[in-house]
Amino acid sequence: LNRFLAMCGLGSRRNVEDIIRDGRVSVDGPKVENPAFQVSEKSIVCVDGKRVFPLKKVYLVMNKPEGVVCAVSDKYYRTVLDLLPGSMKDMGVFPVGRLDRMSRGLLILTNDGELAQQVSHPSNNVSKSYEVFLDRAISVIDIQKWKKGVSIEGRNLVPLSLEVIPREPSGRWISITLGEGMKREIRIMARELGYAVKMLTRKRIGKMELIFIPPGKFLALGREELMDMIRNGGSL
């Protein structure tokens with residue numbers, strides 16, 4: 001059932017499990033609260049009393065601009081969905097993973113909950129790489145501290161890689177690659193070491209690299225093409 005609802009564009013498997021456990025889903029009449037409940041192509045599945053159907057899959061890669069939130073809706077700010085044409089917003093598209101409002105860069109949007117899980121879950125080892133501009137030059141000592149890991153909420157978060165980018169102003173640009181993400185993780189790690197992040201750009205998801213897409217624009221891909229770029233490399 002959770003896989004079926006993800007195919008209907010209601011979110012990742014993890015997100016739709018909350019919908020199921022809240023008693024909002026029925027199958028052939030009775031309510032079902034077990035995410036592993038088996039459904040068939042002939043099953044009549046309803047959410048909040050309305051029948052749902054698997055959607056045509058959409059795969060978008062966006063260069064998210066600053067000032068826009070990664071959400072389907074928000075009371076105060078524009079969302080990444082507001083940058084899409086209405087026809088795509090109506091297909092149940094949602095952002096995969098987090099980029100906070102003032103961060104920018106590579107973002108996947110889809111209505112394929114299985115792909116979202118595949119890209120975002122730490123167990124699948126899809127790394128994310130970022131370029132970070134700090135408020136001041138970082139010391140060699142602090143670079144070494146950061147590489148060994150920074151403790152946040154009782155967890156020692158260790159980047160997969162971290163290096164200074166040879167770019168002016170010297171010492172203020174760093175490249176960092178993470179294997180898993182927490183909300184505002186890079187900003188919090190920098191703050192714990194006494195620095196403030198002035199600019200943060202996600203440059204890569206896996207081996208897929210952002211180079212050509214302008215801020216606020218997106219590119220539509222096929223599922224196989226997208227996954228091939230993430231696994232084997234490609235620029236867009």
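Checking every one of the chymotrypsin sites (Phe, Trp or Tyr not before Pro) in the range 1-93 against DSSP loop status and a limit of 12 other Cβ atoms within 10 Å picks out TYR76, TYR77.
Pairwise Cα distances in the chain exceed 34 Å in 23 percent of cases.
The residues of the chain expose on average 53 square angstrom of accessible surface per residue, using a 1.4 Å probe on protein heavy atoms. Under the rule a/c < 1.5 gives rounded, and otherwise a/b versus b/c splits prolate from oblate, where does the range 108-221 land using the Cα gyration tensor? Oblate is the answer for the range 108-221, as a/c is 1.5 or above yet b/c matches or exceeds a/b. Both the radius of gyration and Dmax for the range 32-156 are 19.3, 62 Å, in that order, over alpha-carbon atoms.
Report summary: the helix-based calculation at 222 nm, which adds -39500 (n - 2.57) for every DSSP H run with n ≥ 4 and divides by the residues of the chain, gives -6000 deg cm²/dmol.
Over the chain, with a Gaussian network built from C-alpha contacts below 10 Å, which listed residue (VAL119, VAL150, VAL140) shows the highest mean-square fluctuation? Among VAL119, VAL150, VAL140, the largest mean-square fluctuation in the Gaussian network model of the chain belongs to VAL140. Measuring against 26 Å, Cα to Cα, the residue pairs LYS147/LYS217; LYS145/LYS198; LYS75/LYS128; LYS50/LYS217; LYS57/LYS207 contain LYS147/LYS217; LYS75/LYS128; LYS50/LYS217 as the ones spanning a longer distance. Each peptide in 186-194, 152-160 was scored by the mean count of other Cβ atoms within 10 Å over its residues; highest first, the order is 186-194, 152-160. Under the criterion of Cα pairs below 8 Å and six or more residues apart, the relative contact order for the chain equals 21 percent.
The values are calculated or read from the model by the stated rules, or taken from the named source; none is laboratory data. Since this is a predicted model, take the numbers as computed values, not measurements. Positions of Cβ are backbone-derived with ideal geometry, glycine not excepted, and every protein chain shown enters the neighbour counts. Accessible surface is based on the protein model in full, side chains and every heavy atom, while ligands, DNA and RNA are left aside. Shrake-Rupley method; radii C 1.70, N 1.55, O 1.52, S 1.80 Å.
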